[in-house]
1. Looking only at segment 239-267, which residues are among the small types (Gly, Ala, Ser), within 13 Å of the ligand (Cβ to nearest atom) and buried (at least 23 other Cβ atoms within 10 Å of the Cβ)?
2. Just for segment 84-95: of the residues that are more than 11 Å from the chain's Cα centre (by Cα) and within 15 Å of the ligand (Cβ to nearest atom), which one is surrounded by the most Cβ atoms within 10 Å (Cβ to Cβ)?
3. Kindly indicate whether Gly285 is small (Gly, Ala, Ser), surrounded by fewer than 20 Cβ atoms within 10 Å (Cβ to Cβ) and farther than 30 Å from Arg321 by Cβ.
4. Which residue is farthest from Ala137 (Cα to Cα), if the candidates are limited to segment 372-400 and must be of a type in the set (A, V, I, L, M, F, W, C) and either surrounded by fewer than 22 Cβ atoms within 10 Å (Cβ to Cβ) or in contact with a helix residue (DSSP H, G or I) (Cβ under 7 Å, 6 or more places away or on another chain) (or both)?
5. Answer with yes or no whether Leu156 is under 19 Å from Cys207 (Cα atoms) and either at pLDDT below 95 or in the same structural domain as Leu204 (by TED's automatic domain parsing) (or both).
6. Count, please, the residues in segment 129-151 that happen to be within 21 Å of Leu95 (Cα to Cα) and surrounded by fewer than 18 Cβ atoms within 10 Å (Cβ to Cβ).
7. Check off (1) crowded, with 21+ Cβ neighbours inside 10 Å; (2) within 16 Å of the ligand (Cβ to nearest atom) for Tyr322 and give me the number that stays unchecked.
8. So Phe329 fits all but one of (1) at pLDDT below 95; (2) within 25 Å of Phe76 (Cβ to Cβ); (3) of a type in the set (A, V, I, L, M, F, W, C); (4) crowded, with 18+ Cβ neighbours inside 10 Å; what number is the exception?
Amino acid sequence: MQELVGALRSYAWGSRTALARLCGRPVPSAHPEAELWFGAHPADPAHVKAAEGTRSLLEVVAADPARELGAVADTFGTRLPFLLKILAAEEPLSLQAHPSSAQARAGFERENRTGVPLDSPMRNYRDDSHKPELVVALDRFEALAGFRDPHRTVDLLRALDVPGLNIYAELLAAQPDSAGLRTLFTTWITLPPAALSTLLPAVLEGCVRYLSGKGTREFTPEVRTALELAEAYPGDAGVLAALLLNRLTLEPGQALYLDAGNLHAYLRGVGVEIMANSDNVLRGGLTPKHVDVPELLRVLDFEPIELPVIEPALGEDGSVRYRTPAPEFALCRFDLSAEAEPVALADAGPGIVLCTEGTVELSQNGRVLTVARGGAAWISAADTDIKARAIGGPAQLFSACVGTGN
Ligand SMILES: [Zn+2]
């Protein structure tokens, strides 16, 4: 086990307070801080601290995959198959979806063939992997994810009482299924500029009227979100598309799992996120980054779904487990009370443990490593018999390792 130093990513949608506060740095930070990456992604690997100096986790794994990854290397090759992050969103992120494994392989080959450079901002597929992702809320976390039951969406569109919306509401009412959602989403996201510049302001006026109206306002969060998105991304067709998605709020400890084809947008909040080690994102709007609507339409799953919230299960070792079908990763959480006996981290390696509250002491055959809030440690496959305990008060520790796919 070795101390692991995360790679800080600054994006415009990040927070100047959340990550700085979490890591005990001065607040506010000089730049908006969006993500802290703990992994071996070539774009920004974390660094392992050792007596002989600091090395990137990518180098450490590549130098001795058999020792660092053990049997995992037989399945996933010489790369750590997941990426762990702390994410802090102050502003909404893009409207996006991720490809399936087959779509990622085909897309990556296609873009290689057509000669789009790997680091080009126009590139959709930067690798050949799918990118299932799981986010666990550390504080209240708001998101849009998956297409809402079309009957409810018809109610929402009618409630806005906008004459220009009637034709779309009736279109969906006549076909309240995945085909109807596909038609409506495709129509809106490809609306010619002249039509968009008429429809969108009318819808936003409808939203304002709705919020100021009397009586039951059951769609208040959805409508408020549309107005916020329009303020952040004026004139963006993604604002209309957002009206079709489930609006959800995760309380601390609750989690959201996003499989291939799920259209989503994180709105705000701080969370621990784990995903397959991939950078394949298809964007449909609400972003200054590269948008590719035809390719997004190709990967989207229009089947309406309930909120894709993961209910954590209690493990035998007292941990809270977030079960997903992703074979690349598994995530669990230990809430360690002060003065309690050390907890054995049985399956921690190969993997990463991340402290999100208090201070944790890791011990292994007499060797000790202290990990404070915002800090992490790399546990190789050769590291066994590791125990964790809270010191100086209660602590919270996430343990990220390779999944079993159930
Ligand atoms: Zn995503």
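The values are calculated or read from the model by the stated rules, or taken from the named source; none is laboratory data. As the structure is a computational prediction, the values presented were derived from the model and not from experiment. Cβ atoms come from the backbone with ideal geometry, glycine included; neighbour counts cover every protein chain shown.
1. Of everything in segment 239-267, just one residue is among the small types (Gly, Ala, Ser), within 13 Å of the ligand (Cβ to nearest atom) and buried (at least 23 other Cβ atoms within 10 Å of the Cβ), namely Ala265.
2. Among those residues, the one meeting the criterion is Leu95.
3. no
4. Applying the filter and picking the extreme gives Ala382.
5. yes
6. Summing the residues that are within 21 Å of Leu95 (Cα to Cα) and surrounded by fewer than 18 Cβ atoms within 10 Å (Cβ to Cβ) in segment 129-151 gives 2.
7. Evaluating Tyr322 over (1) crowded, with 21+ Cβ neighbours inside 10 Å; (2) within 16 Å of the ligand (Cβ to nearest atom) leaves (2) as the failure.
8. (1)
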